[in-house]
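Shown next, in structure tokens, is the structure this report addresses.
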Amino acid sequence: MSTDRLVDLDEVITRYEPVIGLETHVELGTASKMFCGCSTTFGAEPNTQTCPVCLGLPGSLPVANEAAVAATIRIGLALGSRIAPWCRFARKNYFYPDIPKGFQTSQYDEPLCVGGHLDVELDGETFRVEIERVHLEEDTGKNLHVGGSTGRIHGADHSLVDYNRAGIPLVEIVTRPVPGAGAKAPEVARAYVTELREIVQTLGVSDVRMEQGSLRCDVNLSLNPVGAAEWGTRTETKNVNSLRSVERAVRYEMRRQAAVLDGGGRVVQETRHFHEDTGSTSSGRSKEEATDYRYFPEPDLVPIAADPAWVQQLTDALPELPAARRARLREEWGISATEMQWLANAGALGLVEQTVAAGASPADARKWWLGDLARRANEAGTELGELAITPAQVAELAGLVDAGTINDKLARQVLDGVLAGQGGPAEVVTAQGLAVLGESDELVAAVEAAIAGAPDVVQKVRGGKVQALGALVGAVMKTTRGTADAGTVKRMLEERVLNG
Ligand SMILES: [Zn+2]
């Protein structure tokens with residue numbers, strides 16, 4: 001349990017300006033590793049996807065993976081970075097069991113992509129996050145600490161290492177320090193990672209599964225006393241593995257660091273661990289300086305000099321990026337930035353787009369996904385996209401309502417049927433007899449029965465109390481189990497009672 005003293009967030013921002021910085025690691029979805037031909041498939045038996053190169057055995061020589069270089073350049077292009085005409089890999093020396101070579105092949109002062117920015121929208125406000133660099137490196141292996149209760153090394157009986165992950169291409173996207181977000185700093189950090197994840201997903205270069213570690217975030221935070229000329233000392237919270245945790249980690253560090261500074265203390269420059277269960281961070285190791293790593297250019301690899309014509313080809317082949325797509329859809333659907341943000345936050349954007357493509361109006365598509373379906377997903381504790389209904393089925397449902405075959409109330413019953421696996425909307429309507437009755441014999445009989453059964457109500461209506469007709473409408477709806485269209489019933493009753 002954490003014993004840190006914390007300051008309320010509202011109070012933090014009266015005295016301090018938070019400065020965030022994010023380092024995001026994206027494991028690329030290439031078929032083979034960064035410097036050898038080993039497979040990158042997730043979840044294989046430990047140490048079955050290794051070779052002399054990724055185990056760092058003497059005499060083995062690495063060769064750079066062209067697909068990984070292309071993917072990194074594409075990420076850089078999507079962020080508006082400059083692509084270096086010439087750059088090198090560098091050795092980052094440190095000893096750790098998951099680094100069998102004793103160094104990580106990374107990039108140091110010559111990254112593949114430099115500069116750029118990513119705009120994130122939050123409550124109608126745009127925050128520009130400047131990108132420092134996008135570089136390419138290799139992932140480490142994975143330590144498994146056995147015997148302890150926490151899975152951490154402390155208290156473990158022994159540790160095992162799985163080198164399957166060692167050498168998988170990893171892109172690191174580093175932002176410049178981001179001041180100016182104030183109280184919104186936690187949300188801006190989350191929105192940035194969300195947007196970045198969407199861009200990488202759109203590029204198709206990684207599956208960006210945070211829970212499997214293919215997208216991981218280190219969250220830097222420092223506080224500047226308001227008006228101070230110097231920047232505060234930052235901490236780096238490592239391996240934050242969900243979007244929600246990014247937001248929580250920033251918030252926690254803001255509150256903790258403010259308490260340290262308020263008490264006259266000094267923030268220690270260190271790496272910290274994030275704890276999912278409590279939302280707190282705890283001290284890791286004191287942060288190394290770049291010089292501790294004794295970086296030097298990797299002598300076993302040739303420099304990368306991307307042919308400008310190839311970079312141009314990659315630029316021309318970029319897909320429509322998320323921000324451009326949202327702007328286009330907003331225009332097409334005639335909705336506000338806030339409405340678009342709701343759709344995106346609910347994870348409904350793609351579903352609504354596909355529903356519209358299947359023939360529904362944008363308004364109907366949004367209504368069903370953000371309304372009844374969002375509620376059902378919420379109740380079931382699942383994502384919208386995991387509900388047992390397809391966009392085409394939602395479009396079909398909207399079509400049935402439009403055609404007057406069913407009304408909104410019946411449509412909800414049809415939804416239940418579809419979600420329960422009883423078939424498509426039209427099949428459920430037929431199987432359960434849920435179609436709205438036209439002016440059929442059955443409906444005429446029900447209307448006449450209602451009139452015959454309530455002579456007192458008929459009297460009142462004829463005497464001028466027209467609103468009493470509602471009781472008769474209710475009676476007909478009950479007999480027909482809601483399959484009648486209320487407007488039709490009312491009209492049929494009026495014809496017979498008032499003109500009868
Ligand atoms: Zn290998």
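Structure above, values below:
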| quantity | calculated |
| --- | --- |
| Using distinct alpha-carbon pairs, which all enter the 1/r mean, Kirkwood radius of segment 141-264 in Å | 16.8 |
| Entries of Lys92/Lys184; Lys142/Lys184; Lys92/Lys142 with Cα pairs more than 26 Å apart | Lys92/Lys184; Lys142/Lys184 |
| Phi-based couplings in Hz for segment 30-41 (Karplus 6.51, -1.76, 1.60; Gly and Pro marked x) | 5, 5, 10, 6, 5, 10, 8, x, 4, 5, 10, 4 |
| Relative contact order (%) - criterion: Cα under 8 Å, at least six apart; region: the chain | 14 |
| Nearest 10 degrees, 0 to 90: helix 243-262 Cα axis against the chain principal axis | 60 |
| Segment 1-103: relative contact order as a whole-number percent, Cα under 8 Å and 6+ apart | 19 |
| Segment 118-248: relative contact order as a whole-number percent, Cα under 8 Å and 6+ apart | 20 |
| Order of Glu195, Glu331 - criterion: other Cβ atoms within 10 Å of each residue's Cβ, fewest first | Glu331, Glu195 |
| Debye-sum result for the chain in log10 I(q)/I(0), which assumes one identical scatterer on each alpha carbon, at q = 0.05, 0.07, 0.10 Å⁻¹ | -0.31, -0.54, -0.89 |
| Crossing angle, helix 486-498 versus the chain [Cα axis fit, 0-90 degrees, rounded to tens] | 20 |
| Span from the segment 282-334 Cα centroid across to the segment 421-463 one, whole angstrom | 63 |
| Kirkwood hydrodynamic radius of segment 441-498, from inverse mean 1/r over distinct Cα pairs, in Å | 11.0 |
| Straight-distance crosslink candidates among lysines, where the alpha carbon sits under 24 Å from Lys465 and sequence neighbours closer than 8 are dropped | Lys478, Lys490 |
| Over the chain: helical MRE at 222 nm, DSSP H runs n ≥ 4 each giving -39500 (n - 2.57), nearest 500 | -11500 deg cm²/dmol |
| Placed amide H near Gly167: partners under 5 Å, 5+ positions off or other chain | Asp139, Thr140 |
| Cα convex hull of segment 34-126, projected area averaged across orientations, nm² | 9.0 |
| Translational diffusion coefficient (Stokes-Einstein; Kirkwood radius from C-alpha pairs) of segment 322-432 at 4 °C, 1.567 mPa s, in µm²/s | 92 |
| Kirkwood estimate for segment 332-396, i.e. one over the average of 1/r between Cα atoms, Å | 11.6 |
| Vicinal HN-Hα couplings computed from phi for segment 328-334 (Karplus, 6.51 cos²θ - 1.76 cosθ + 1.60; Hz; Gly/Pro x) | 5, 5, 4, 4, 5, 8, x |
| Segments 46-55, 8-17 sorted - mean Cβ within 10 Å per residue, highest first | 46-55, 8-17 |
| Overall form of segment 1-159 per C-alpha gyration tensor (a/c, 1.5; a/b vs b/c) | oblate |
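No value in this document is a laboratory result; all are computed from the given coordinates. Quick caveat, the model's predicted, so the values are computed rather than measured. With ideal geometry, Cβ positions are generated from the backbone for all residues, glycine too; neighbour counts draw on all protein chains shown.
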